[in-house]
Amino acid sequence: MEPVRVKVWLPIRSLGWVNSYILGDTVIDPGMFTSRSILDLVRGLRGHMDPCRIGSVIVTHFHVDHSTAALLLSQLASPRLYIGRRDLEVIRGGVDKYIGGALELFKHNGMPGTEIEEILKTHPALRLREVYEEASSLEWTPLSHGDHISIGGEVLKVIEAPGHTPGHILLHSRDGWMIVGDTLLPGITPHVTIHDWNTDPLKDYLNTLKTIEKLSPSKAYPGHRDPITSPAERAREIIRHHDSRLNEIIELLKKNGPMTGYEIAKKIKWRTRYQSWAEYPPPEKFFAMGEALAHLKRLEEAGLVTHEEKGGTWTWRLEK
Ligand SMILES: [Zn+2]
């Protein structure tokens, strides 16, 4: 049996929708806590099951667009709830605190306070803070690497796949297909950011991509857009994308000399429809800054760049 997809509307224009999957009496990634999204989800479910008889809900990762509708489903039915063990720690620790960690790093890396304020006002996860608080107090079962879940006559193996979030999970079926959440997306590269300087999320993510390449699933069901028919090839493409981004940062530092992370983020050639940094809406600035810092951290760990702190601001240069 293969999962049935329900496209669930998102108030995030660049993505359009999130894919919820139905397998037996289980819903994987129910979507976002908005009335329009929930309407789509319930309509989609009704063709396949009674929404009041959902047996379990699994979320691939804690992000707002995938997980927060679980709060509503937990009231509609009484499903068992599953999430990766490290993402459960994130929601239990408070999403505020998690995003606050990123913003603190943005500040040290030269992002102006006014731009940080704008992000605080508009970030979708912070706007759904109360939903997260309630959702985090539900009875979640944490999933770990190597766990098996039986649903809809299928046995799915859990693979921990950190990078996009610390506790992202993949679900690998015995038939060969895989539910990949936002670890592998067609046409767009999944976002990688950093929330704590003691972590190296890009390294984790590149390892996750290598794992997918090695497992070479027959088909991947992503969190957005359409199924991926050559997952191993897509994983290789994304690895190449990050290699060239790492090189781009080295070249920028060679050409311009020492810079703050903010100056680097502004100079990177992001694939976006906006013409200049000033045009970027706050979420795009959040993505760009987080992505730049995750790459700088990787380069620093690899011994290629280093940073110096002066008066609370970090300046990056090439390692001699
Ligand atoms: Zn997503």
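How big, on average over all directions, is the shadow cast by the Cα convex hull of the chain, in nm²? It would help to have the intermediate numbers written out before the result.
Working: hull surface 62.8 nm².
Taking a quarter of the hull surface, the average projection is 15.7 nm².
Hey, if you put +1 on the Cβ of every Lys and Arg and -1 on every Asp and Glu Cβ in segment 239-318, which of 270, 304, 315 ends up farthest toward the positive end of that dipole?
Highest projection toward the positive end goes to 270.
Collect residues whose amide H, placed 1.01 Å from N in the peptide plane, falls under 5 Å from the amide H of residue 224; neighbours closer than 5 in sequence don't count.
Residues meeting the criterion, in which the H sits 1.01 Å from N, are 19.
Remind me, what semi-axes does segment 101-236 give for its equivalent ellipsoid, largest first in whole Å, using sqrt of 5 times each Cα gyration tensor eigenvalue? Before the final figure, lay out each step's value.
Numbers: eigenvalues 184, 73, 39 Å².
For segment 101-236, the ellipsoid semi-axes come out as 30, 19, 14 Å.
Show me, bin by bin at 10 Å from 0, the whole-percent P(r) of segment 18-100 based on Cα pairs.
Computed distribution, short to long bins: 18, 54, 23, 5, 0.
Could you please state, rounded to a whole Å, how far the C-alpha centre of segment 217-236 is from the C-alpha centre of segment 125-153?
Comparing the Cα centres of segment 217-236 and segment 125-153, I get a distance of 24 Å.
Order 61, 145, most accessible first, counting only protein heavy atoms with a 1.4 angstrom probe. Intermediate values should be presented prior to the final figure.
Values: 61 0, 145 110 Å².
So, going from the largest accessible area down, we get 145, 61.
Please give the direction-averaged projected area of the C-alpha convex hull for segment 239-318, in square nanometres with one decimal.
Result: 5.7 nm².
Give me the distance between the Cα centres of segment 284-320 and segment 45-73, rounded to whole Å.
About 38 Å separates the Cα centre of segment 284-320 from the one of segment 45-73.
Determine the per residue accessible area of segment 82-186 with all protein chains present and a 1.4 angstrom probe, expressed in square angstrom. The partial results should precede the final answer.
On the way: 4430 Å² over 105 residues.
For segment 82-186, the solvent-accessible area averages 42 Å² per residue.
Quick one: Kirkwood hydrodynamic radius for segment 160-265, alpha-carbon pairs, angstrom, one decimal? Don't skip to the answer; put the middle values down first.
Values: mean 1/r = 0.0678 Å⁻¹.
When all Cα pairs of segment 160-265 are included, the Kirkwood radius is 14.8 Å.
Taking only complete DSSP H runs, can you tell me which helices of the chain stretch 27 Å or more along their own long axis by Cα positions and average at least -0.5 on the Kyte-Doolittle scale?
Working: long enough: 231-256 (38 Å, -1.00); 282-301 (28 Å, -0.44).
Result, helices passing both filters: 282-301.
Quick one: accessible area per residue over segment 198-293, 1.4 Å probe, rounded to a whole number of Å²? Mind dumping the intermediate values first?
Numbers: 4750 Å² over 96 residues.
I get 49 Å² per residue for segment 198-293.
The values are calculated or read from the model by the stated rules, or taken from the named source; none is laboratory data. None of the values given here were measured: they were computed from a predicted structure. Positions of Cβ are backbone-derived with ideal geometry, glycine not excepted, and every protein chain shown enters the neighbour counts. The accessibility values were calculated without ligands, DNA or RNA, using every heavy atom of the protein model including side chains. Shrake-Rupley method; radii C 1.70, N 1.55, O 1.52, S 1.80 Å.
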